[in-house]
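Just so you know, all these numbers are worked out from the coordinates, no wet-lab data involved. Since the model is a prediction, treat every value here as computed from it, not as a measurement. Because the Cβ atoms are built from the backbone with ideal geometry, glycine has one as well, and the counts that use them run over all protein chains shown.
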Amino acid sequence: MTKDKKAVDFEQQLESLEALVESLESGDLSLEDSLKSFETGIKVARECQQALKTAEQKVELLMRQGDELVSQPFDASDS
């Protein structure tokens, strides 16, 4: 998966989360549908949170290089 694909996936997940919130806030869903949407929303929110955490860790790696910005591959299994 390329970096551009990951960025697109994150944006799509964020849009999906926003749509879920809007549908829940509308009050038009049944209780069962609301619960399903809520569960989906929690899953998507956690995935977005993990993507942001990974991005933050990559930025920290870059900043630790002093005056030189040297990109290092980030291994998520190290965290």
Contour minus Cα-Cα span, Asp9 to Leu35, at 0.36 nm per residue, comes to 7.0 nm
Could you please rank Asp9, Asp28, placing first whichever residue has the fewest other Cβ atoms within 10 Å of its Cβ?
Asp28, Asp9
